[in-house]
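The values are calculated or read from the model by the stated rules, or taken from the named source; none is laboratory data. Computed from a prediction, not measured in an experiment: that's the story for all the values here. Virtual Cβ from ideal backbone geometry, glycine too; neighbours counted across all protein chains shown.
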Amino acid sequence: MLLKSLLIIVMLQLTSETYGQAQKKFFRKDYTFLEETQSFYKFFSIAKTYQEAVTTCGRQGATLFYAEDKRELDAVAKFWTQPRDHIFIGISSLISKGVFASVDGRALMDVYNDWLPGEPNDVNGEESCIVMNKKGQMNDISCNRKFPFICKKTLASLEWNAHCQTPYKRYIVNEDLGRCYKFFLTPMNWTEAFAVCNAEESYLAIINSDEEANFLKKMTKDNPKYTVKGNYLAGVVMLGFHNRDRQGWLTIKGATLEDSGYTQWGYAQPDVDDKYLCGAMFYNGELTYGDCSQRSFFICEKEYKSGFDERFGDE
Ligand SMILES: [Ca+2]
Ligand SMILES: [Ca+2]
């Protein structure tokens, strides 16, 4: 009897491991999983400065790639099919001049490193970042130059928000609406907010019903907004509609507010006003609009499908 119970426990454990998140090996649709390194990678062919590359990876919950060892270099070199032959890697001496360390604080000697002959030479004292070619050879270079780069996420660091089918933990579910939402307490301007939602495979929230407005209003109320210091516009939360084309107020999906299901404007009724073209809501859920370059809180929204795991869907 005892043996039978033990067997059942073992079987249960095996089952839960088989269906555990680690086995599904999914981070985002735009990242490729490499078995050799048990990590996800995305190649960015549009050149950016070092800092822009670090920020881009960070916004996706990843880090700027550098090779840990020869094995990873070889695996990534196979995946790296783009024509440009140098990329920025996540190692710099920005914190302490002359002392190279990785974006996650590891010493250069502890990760893969192989300098081109004569490097690092710190030309004009301006070379604090590193580019690497497909052979893994490195050259120190100005951080303001622009190069392609790779973002990396290890499987071990991957968490999974099962309710919302996303690796981003702070999305909360509303089952009645069939949607998940994330309130951002880091004020950004409308364009940046749009990009952040996009990077998380969601979109700047669109209100489609009174019920949804009430939920976003409650979410706004529940977040500790008053603890956020700095220069930003309080009192509003940016949403996914705009008049940037001056064709009237449209959602970021191209629909009118009427067709989208919610038109409850607040005190500041929409006006013909060339300067203020980006949509938002007051904390009470009523719509307003403002300067697109003004920083504010914002909410990202994403659909989820109950009982359906998109990682098993067709790609
Ligand atoms: Ca150099
Ligand atoms: Ca919506």
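Descriptive notes on the structure:
- Unique residue being away from ligand 2 (no atom under 14 Å from the Cβ), surrounded by fewer than 19 Cβ atoms within 10 Å (Cβ to Cβ), under 25 Å from Q165 (Cα atoms) and touching a residue at least 12 places away in the same chain (Cβ under 8 Å) when the list is L233, L277, L185, L177: L185
- The set of residues in the stretch 144-174 that are surrounded by 21 or more Cβ atoms within 10 Å (Cβ to Cβ), part of a loop (DSSP other than H, G, I, E, B) and modelled with pLDDT of 95 or more contains only Y171.
- Hey, C180 in a strand (DSSP E or B) and under 22 Å from the mean Cα position of the chain (by Cα) or not: yes
- Evaluated against (1) modelled with pLDDT under 90; (2) touching a helix residue (DSSP H, G or I) at 6+ places or on another chain (Cβ under 6 Å); (3) hydrophobic (A, V, I, L, M, F, W, C), V272 falls short on exactly one condition, (2).
- Where Y112 falls short, out of the listed (1) modelled with pLDDT of 95 or more; (2) more than 12 Å from ligand 1 (Cβ to nearest atom); (3) in contact with a strand residue (DSSP E or B) (Cβ under 7 Å, 6 or more places away or on another chain): (3)
- Only a single item in (1) of a type in the set (G, A, S); (2) at pLDDT 95 or above; (3) more than 18 Å from T288 (Cα to Cα) is not met by A255, and it is number (3).
- Condition check for N198: of a type outside the set (A, V, I, L, M, F, W, C), under 14 Å from K302 (Cβ atoms), assigned to a loop (DSSP other than H, G, I, E, B) and in the same structural domain as S260 (by TED's automatic domain parsing): no
- Against the conditions (1) away from ligand 1 (no atom under 16 Å from the Cβ); (2) part of a helix (DSSP H, G or I); (3) not aromatic (F, W, Y), N124 satisfies every one except (1).
- Every condition in (1) surrounded by fewer than 21 Cβ atoms within 10 Å (Cβ to Cβ); (2) touching a residue at least 24 places away in the same chain (Cβ under 8 Å) is met by E212 except one, and the failing one is (1).
- Residue within the stretch 151-166 that is over 30 Å from E301 (Cβ atoms), in the same structural domain as T49 (by TED's automatic domain parsing) and in contact with a helix residue (DSSP H, G or I) (Cβ under 8 Å, 6 or more places away or on another chain) present: no
- Where strands (runs of 3 or more DSSP E) fall wholly inside the stretch 21-111, the ranges with 1 or more residues that are surrounded by 19 or more Cβ atoms within 10 Å (Cβ to Cβ) are 39-48, 87-92.
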